[in-house]
Amino acid sequence: MKISRRTFAMGLGALTLSACGGSTASVSPSSSGGLPADLRPTPNASYDRWVASFRTRAASRGISQSTLNAAFRGTGYLPGCVKRDRNQVEFRRTLEDYISIAASDERVSKGRAAFARHRSTLQTLEGKYGVDAQIICAIWGLESFFGERRGNVPVISATSTLAFDGRRGPFFEKQLMAALRILQNGDIPASRMTGSWAGAMGHTQFIPTSYQAFAVDFTGDGRRDIWSDDPTDSLASTAAYLAKNGWQRGVKWGGEVGNGAPQGSVIQPQAGGPRFSVTRNFRVIKRYNNSDSYAIGVGHLSDRIGGAGPLRGSFPPDANGLLKDDRIALQQRLTANGFDTDGADGVIGPNTEKAISAYQASKGLAVTGKPSQSLLAMLR
């Protein structure tokens, strides 16, 4: 299988699905060390032996001892990377849930503000690479919440841990070698090379091999710095990635059928939901993350950043017989009754399930954590 820039991590990646990265990019900090305990180095003699063997292989491929010493100084085995790699959620969210998160009111608002702040840069990139400025901004929004959630896991530790683990050993060893070459090239010091638990880096979450192939130094400072607080090199690298993968200048990604969409192939990712007419550029977005939902999320968020409204089409009831408005009402009523769902977006995630369970327990009901019409009626 041809692995796209982010397929290796998880299908719907750094959208930071708080209800992506389910984000690959963002890891909640603990009170000690800035990372959860399982993402801090843990003694592992077998890993240490693997690293020693790998260092010999890396040196034979041209990696200097000074680079190796700097790269592995303070690094170690991260059990949390293995845990996350083996326990990635296999289910797919519905398109309705995905869009609810990808183009939430908060993300749209932040996107419009981010676009306004970086309008000049984004429009310059559009002129140079031909990629719509709003598409570049939308990818930034889905990948790291406009730079707020870039990930703080040391990339050398993450990629070496996953290479040692062996489930996808050859792939992650390739990423580790690429990361070392980035360090040797001087783009970033080892102490600043951080990213997701799976090694995706920067504002728009490039894996090391994609960084090598597509990252650009747009600021002209001699470094392709996608880690900087200044997103310019990251945004330029994303534009370059899309351009080199066949982006067609002046062509929209697509749109909702019946709402001014350009002519193209018609898809309906969720049965009973809206249909979309998609163009060649939709397929180029999928090179960034091979998912119809991701590409529609990018396209729709880009439209919303540009001032468009929500989708007009409706979605059918979910498996529990609830419409989105029902799910929002359920979350609002639970919170009002003292069982906080941490927001009301209509997406049933761990916070809502926890609140439902607590409510059910308080009423002496069977604790399922699952929404239902009867639960909604009980909360009236």
Check your understanding: Tell me, in nm to one decimal, what length is gained between SER191 and ASP48 on full extension, where the rule is 0.36 nm per residue of separation less the Cα-Cα distance?
Key -> 49.5 nm
**Study point:** Unit charges on C-beta of K, R, D, E only; dipole of the chain, Debye
**Key:** 840 debye
Exercise for review: Would you compute, for the Cα atoms of segment 84-173, the largest minus smallest coordinate along each principal axis and list the three values in descending order, in whole Å?
Suggested key: 44, 33, 23
Revision key, fill the gap. The base-10 log of I(q)/I(0) that the Debye equation returns for the chain at q = 0.06, 0.13, 0.15 Å⁻¹, one scatterer per C-alpha, is -0.25, -1.07, -1.30
Point to revise | Karplus 3J(HN,Hα) series, Hz, for segment 319-333 with 6.51 cos²θ - 1.76 cosθ + 1.60 (x for Gly, Pro) | key: 5, 9, x, 10, 7, 4, 4, 5, 5, 4, 4, 4, 5, 5, 6
Study note, to complete from the structure: Once amide hydrogens are built 1.01 Å from N within the peptide plane, the residues lying 5 or more places from PHE206 or on another chain with amide H under 5 Å from its amide H are MET201
**Study point:** MRE, 222 nm, helices only [DSSP H, n ≥ 4, -39500 (n - 2.57), over the chain, to nearest 500]
**Key:** -14500 deg cm²/dmol
Check your understanding: How about segment 52-120: which GluC sites (Glu not before Pro) there are in a DSSP loop, with at most 11 other Cβ atoms within 10 Å of their Cβ?
Key -> GLU90
Review point. Which value in nm describes the separation of the simple spin-label points at ARG86 and ASN320, placed 7 Å from the Cα toward the beta carbon?
Key: 3.1 nm
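No value in this document is a laboratory result; all are computed from the given coordinates. These numbers come from a predicted model, not from an experiment. Here the Cβ is made from the backbone with ideal geometry for all residues, glycine too, and neighbour counts use every protein chain on show.
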